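Below is one structure, written out as structure tokens; the observations come after it.
The values are calculated or read from the model by the stated rules, or taken from the named source; none is laboratory data. What you see is a predicted model, and the numbers here were worked out from it, not measured in a lab. Methodologically, a virtual Cβ is constructed for each residue, glycine included, from the backbone with ideal geometry; neighbour enumeration extends over all protein chains shown. Accessible surface is based on the protein model in full, side chains and every heavy atom, while ligands, DNA and RNA are left aside. Shrake-Rupley method; radii C 1.70, N 1.55, O 1.52, S 1.80 Å.
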Amino acid sequence: MMQTRRQFIKKTLTIGGAFWASSWLVVKPLWAQTETLWPTGLFAHSKYQAALKDITGGQALIASKDITLTIPRIAENGALIPFSLSSTLEKAERVFVLVKKNPVPLVARFTLSPQVNTQLSARLKMAKTSQVVSIVLANGQYYYTDKTVKVTLGGCGG
Amino acid sequence: MSSIKIRTKRQQGTTQIRTLIAHPMETGLNTDNQNQKTIAAHFIQTLTVRHNDKIILTTDMGSGISRNPYFSFEMKGGEPGDKVTIQWSDNQGNRDSQDALIS
């Protein structure tokens, strides 16, 4: 079959266009998966109570013994405080870590899939002696446990 | 060189994933001693952990995480040769990603 030049160009354009369109359809969901929006509001400079309300939406916190927060009682350097958190609560979806007297109280928000155990550790900063609160969202309820960490800057005793 | 180091360790039925990222994590509240100017905020906002290209954990963080962040997570299962990917993006639009195989 003979093709004119005009027909050939027309064909390549249609096939090429279809290819582009389909590749976009494939690429887009992948992109959407990688782009999770960072919650600006939650990480605003605010007081602890306001930050807490933004997280829970006013829902009451339940004190829980099923969350273990391991953090030093006295920290010499407020810039680097290791903590680890574990919980035996079923169906934990989210874990929040807050420092009450930090300029930005919320330190981190972990979103867990069922494949991950509630067993996390990281390092956080503290401006001064304060309570560290860890909140676990499980089954639509917010459970918490807290510990006070004394920050001694320059070893002069807070 | 990548800014991310990943170590994985298989335990009984679980895999521990540890990561260390080189990042300044500036709060935007500190002043530079040299010229008394405020150092611009520069911190990681989102960290994503994938297991065989499936997201298993995301962490949103503020500047309250220490400089050169360290994290450790525990995953159910995990076979030798499985791929673990860690990706971060910060408030200045930088991003990095690193793969590691479970040994």
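Computed quantities for the displayed model
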read-out: 10 Å Cβ neighbours from other chains, averaged over peptide B:65-77; value: 6
read-out: Normalised convex hull volume, the protein assembly as shown, alpha-carbon set, Å³ per residue; value: 213
read-out: Label-point gap, in nm, between B:Thr31 and A:Gln141 - each point 7 angstrom along Cα→Cβ; value: 4.9
read-out: Gyration tensor (alpha-carbon) shape descriptor, the stretch A:29-157, a/c threshold 1.5; value: prolate
read-out: Cβ neighbours within 10 Å from other chains - mean over A:123-130; value: 3
read-out: Options B:Pro80, A:Ser84, A:Gly58, ranked by Cα towards positive dipole end of the protein assembly as shown, top entry (Cβ charges); value: B:Pro80
read-out: Heavy atoms of B:Glu79: accessible area, 1.4 Å probe, square angstrom to 10; value: 110
read-out: Separation in nanometres of the label points that stand 7 Å from Cα toward Cβ, at A:Lys10 and B:Arg95; value: 4.1
read-out: Rounded to whole Hz, the Karplus (6.51, -1.76, 1.60) HN-Hα couplings of the stretch A:91-96, x for glycine and proline; value: 6, 6, 9, 9, 10, 10
read-out: Nitroxide proxy distance, nm - points 7 Å out along Cα→Cβ at B:Asn68 and A:Ala44; value: 3.5
read-out: Greater than 18 Å apart at Cα, pairs in A:Lys65/A:Lys147; A:Lys125/A:Lys147; A:Lys100/B:Lys37; A:Lys53/A:Lys101; A:Lys47/B:Lys37; A:Lys47/A:Lys128; value: A:Lys100/B:Lys37; A:Lys47/B:Lys37
read-out: Partner aspartates and glutamates for B:Lys76 [C-alpha distance under 12 Å; skip if fewer than 8 residues away on the same chain]; value: none
read-out: Under-5 Å amide H pairs with B:Ile65, H placed in peptide plane, nonlocal only; value: A:Lys125
read-out: Convex hull volume per residue in cubic angstrom - Cα atoms of the stretch A:41-105; value: 114
read-out: Nonlocal amide H pairs with B:Asp82, under 5 Å, H built at 1.01 Å; value: B:Ile102
read-out: Long-range amide H partners of A:Asn117 with built H, under 5 Å; value: B:Glu74, B:Met75, B:Lys76
read-out: The stretch B:27-38 - phi-based ³J(HN,Hα) in whole Hz, Karplus 6.51/-1.76/1.60, Gly and Pro as x; value: 7, x, 10, 7, 10, 6, 5, 5, 10, 6, 9, 6
read-out: Rounded to whole Hz, the Karplus (6.51, -1.76, 1.60) HN-Hα couplings of the stretch B:80-93, x for glycine and proline; value: x, x, 5, 9, 10, 10, 10, 9, 10, 9, 10, 6, 9, x
read-out: Protein accessible area in the protein assembly as shown, 1.4 Å probe - carbon and sulfur %; value: 55
read-out: Shape box of chain B [Cα atoms, principal axes, largest first, Å]; value: 52, 24, 22
